[in-house]
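Here the structure comes first, spelled out in C-alpha cells, and everything after it is commentary.
The values are calculated or read from the model by the stated rules, or taken from the named source; none is laboratory data. Remember, it's a predicted structure, so these values are computed and weren't measured experimentally. Virtual Cβ from ideal backbone geometry, glycine too; neighbours counted across all protein chains shown.
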Amino acid sequence: MPGPIERLAHENDDGPVLNWSDVAAFVQAVSHAGAPLSEASLPVRTRLDLGPRGTMILNQIASGNVQPSKIAEALNVGRSLVTADLARVEKAGLLIRKTCADRRRVELALTPKGIEVMLEVKANLEKLIQDRIGHRSKAEIDACTNLLSELRTPPA
C-alpha cells in the first residue's frame, strides 16, 4: 500500500499522471541544473568581483531590460539587492547609468567592456550547453524550455 506521499499521484482520463518519485526526480534535476550554469560565469564573476547576480544583470541589460526595477523583477530579487549588484558592475566598468529626460528614471547601458564580458559569458554558456546537451534535438531543447517556462509562470 502506498504511503501518504505516494498518494500525491493522481489519475486523469489517460491513466496515472505523476507519482511522487517522478515529481521528486524532476524537482531535484531542476534545482541542480543551475549549478553548472552558474559555474560557466564564475571565472568572469570572480575576476571582476561581480557577485552572484552580476552576469545575470549584464544579460538583462544586453537583452534590453535597462531599468533597475525591471531587472529586480526579472531576477525575482529585491530592488536593494539589484542596486548593490549594479554598483559592483558599474565599478568594474561594465555599465553606465543614463538619466532619462524626466530625471526620475535611470536607464542602464553596457560599456564596450561590458559587451566584451557579456560575449565571454555567452561563449562559456554556449560551450557548456553544447558539451552537456548538444546531442539533443532542437525539438527536445524547445520542449524543455517550454516546460521550464510553464513551471515559472504562476497559474491564472
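The lone criterion from (1) touching a Leu at 6+ places or on another chain (Cβ under 9 Å); (2) of a type in the set (A, V, I, L, M); (3) under 24 Å from Ser149 (Cβ atoms) left unmet by Ile96 is number (3). Of the residues contained in region 70-93, one or more are found to be surrounded by 15 or more Cβ atoms within 10 Å (Cβ to Cβ), at pLDDT 95 or above and assigned to a loop (DSSP other than H, G, I, E, B). Of all residues in region 137-152, none that is farther than 19 Å from Glu73 by Cβ and modelled with pLDDT of 95 or more has its Cβ atom under 9 Å from the Cβ atom of a residue that is of a type outside the set (Phe, Trp, Tyr) and surrounded by fewer than 10 Cβ atoms within 10 Å (Cβ to Cβ), 6 or more apart or on another chain. Taken over region 57-105, the criterion of being among the small types (Gly, Ala, Ser) and in contact with a Gly (Cβ under 9 Å, 6 or more places away or on another chain) is satisfied by Ala62, Ala72, Ala84, Ala92, Gly93. Suppose the filter is at negative phi and of a type outside the set (A, V, I, L, M); does Gly78 pass it? When the stated conditions are applied, Gly78 passes them.
Mind checking which residues of region 42-60 are at pLDDT 90 or above and more than 13 Å from the chain's Cα centre (by Cα)? Scanning region 42-60 gives Leu42, Pro43, Val44, Arg45, Thr46, Arg47, Leu48, Asp49, Leu50.
Figure legend. Inter-residue proximity from region 56-69: first residues within 12 Å of Leu110 (Cα to Cα), second residues small (Gly, Ala, Ser) and outside any helix (DSSP H, G or I), beta-carbon distance below 8 Å, spacing 6+ or different chains. Indicated pairs: Ile61/Ala109; Val66/Ala109.
Report yes if Ala25 is under 24 Å from Leu151 (Cα atoms) and under 13 Å from the mean Cα position of the chain (by Cα), otherwise no. Here the answer is no, as Ala25 does not meet what is asked. Note on region 1-41: among residues that are acidic (Asp, Glu) and in a helix (DSSP H, G or I), the one that is modelled with the lowest pLDDT is Glu6.
Any idea which of Lys113, Lys98 is over 26 Å from Arg152 (Cβ atoms), surrounded by 13 or more Cβ atoms within 10 Å (Cβ to Cβ) and more than 16 Å from the chain's Cα centre (by Cα)? None of the others qualify; the one that does is Lys113.
The residue list Arg104, Arg53, Arg132, Arg45 contains one member that is farther than 23 Å from Asn146 by Cβ, among the basic types (Lys, Arg) and loosely packed, with under 13 Cβ neighbours inside 10 Å, which is Arg104.
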